[in-house]
Amino acid sequence: MSRIFIGLDRDGTIDMPGLPAPARLVEQLRGMQQDGAKVFIASGKSYDVLKEVCAGLGLEPWMYCCENGGHIVIPHTGREYVFSEGTDLAFFIAHVGELALPPSRDEPKRSIWSKKFGGESLAAKRVIDEFVARHGLRLSVFAYPDGDGGLDVVPDGIDKSNLLRLLPEDAVVHFFGDGENDLGIMRSDGVVPHTVANGKRAVKQCVAEKGGHIADEPAGYGVCSVLAQLRAEWRAARVAGYMLPGLCIGGLRDEPRARNS
């Protein structure tokens, strides 16, 4: 198996309102898959939503990390993982009807609580943040005002970094994200983080500290630029006589050796 894994957040990274994912991005990702890299999607969205998004793009990810890491699916093996939601989320769900929240639409998920509040997502977040703090709940609240106004309430222990336990120990992960719910995986050992022009300040700081790339362009266009930079770096490494195990560039492959060989 290749050691190289390329992960992408969806909202704000692959695309954003008014700026659909460029066709070139899918071409680049397919090319890297052909070279031996494993591509995965990690998002707060549900599996059903992410499957539809990827089908529309013509992309077949190796893994879907859904619901901020609470539900993970690896299609080619048929394996599926749902992480425990915890008692604090159960308490929140039991009492959320008592809160004065703006009107919302349902967004069914299996491991986290999620609603779409449209333009009122930040107002809803303030109400929920106050409730969480008042009761000392171990929950994180993420709002996505730049997208569809979604809001996720996520128990401690559910994070995109959960997917890392399903990868080989020597995996090299390049992850593209833009929001605070990407920081868990971006800060993890063995992960090289990258972001785009619209990335949050904390995300850009993390990327800078870990030596990743920060694109000048937003969303998918920025990802395209960084992928081109990575490919150029990998080609230069090949010319210098250094290969990335399991990755084939320009028809030349360096196969990984057994760990104890």
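The values are calculated or read from the model by the stated rules, or taken from the named source; none is laboratory data. Note that the structure is predicted; figures quoted are calculated from it, not measured. All Cβ positions, glycine included, derive from the backbone under ideal geometry; neighbour counts span all protein chains shown.
Checked against the criteria, Gly86 does not count as modelled with pLDDT under 95 and touching a helix residue (DSSP H, G or I) at 6+ places or on another chain (Cβ under 8 Å).
Counting the residues of segment 52-63 that are under 18 Å from Ala21 (Cα atoms) and either outside the structural domain of Leu164 (by TED's automatic domain parsing) or touching a strand residue (DSSP E or B) at 6+ places or on another chain (Cβ under 7 Å) (or both) gives 2.
Criterion first (farther than 23 Å from Ala219 by Cβ, in contact with a strand residue (DSSP E or B) (Cβ under 7 Å, 6 or more places away or on another chain) and of a type outside the set (S, T, N, Q)) does Val173 satisfy it? Talk me through it step by step, then tell me what you get.
Values: farther than 23 Å from Ala219 by Cβ: no; in contact with a strand residue (DSSP E or B) (Cβ under 7 Å, 6 or more places away or on another chain): yes; of a type outside the set (S, T, N, Q): yes.
When the stated conditions are applied, Val173 does not pass them.
Within segment 161-220, the residues that satisfy the criterion of being among the hydrophobic types (A, V, I, L, M, F, W, C) and touching a residue at least 40 places away in the same chain (Cβ under 8 Å) are Leu163, Leu166, Leu167, Ala171, Val172, Val173, Phe175, Phe176, Ile185, Val196, Ala219.
At pLDDT below 95, under 25 Å from Lys115 (Cα atoms), outside any strand (DSSP E or B) and under 16 Å from the mean Cα position of the chain (by Cα): does that describe Gly147?
Details: at pLDDT below 95: yes; under 25 Å from Lys115 (Cα atoms): yes; outside any strand (DSSP E or B): yes; under 16 Å from the mean Cα position of the chain (by Cα): yes.
Answer is yes for this residue.
Residue count for segment 121-167 satisfying the condition of being in contact with a helix residue (DSSP H, G or I) (Cβ under 6 Å, 6 or more places away or on another chain) and surrounded by fewer than 18 Cβ atoms within 10 Å (Cβ to Cβ): 2. Here the condition is being surrounded by 14 or more Cβ atoms within 10 Å (Cβ to Cβ), touching a Leu at 6+ places or on another chain (Cβ under 6 Å) and under 21 Å from Thr77 (Cα atoms); of Val26, Val39, it holds for Val39 alone.
Could you tell me whether Ile72 is outside any loop (DSSP other than H, G, I, E, B) and buried (at least 18 other Cβ atoms within 10 Å of the Cβ)? Spelling it out, Ile72 is indeed outside any loop (DSSP other than H, G, I, E, B) and buried (at least 18 other Cβ atoms within 10 Å of the Cβ).
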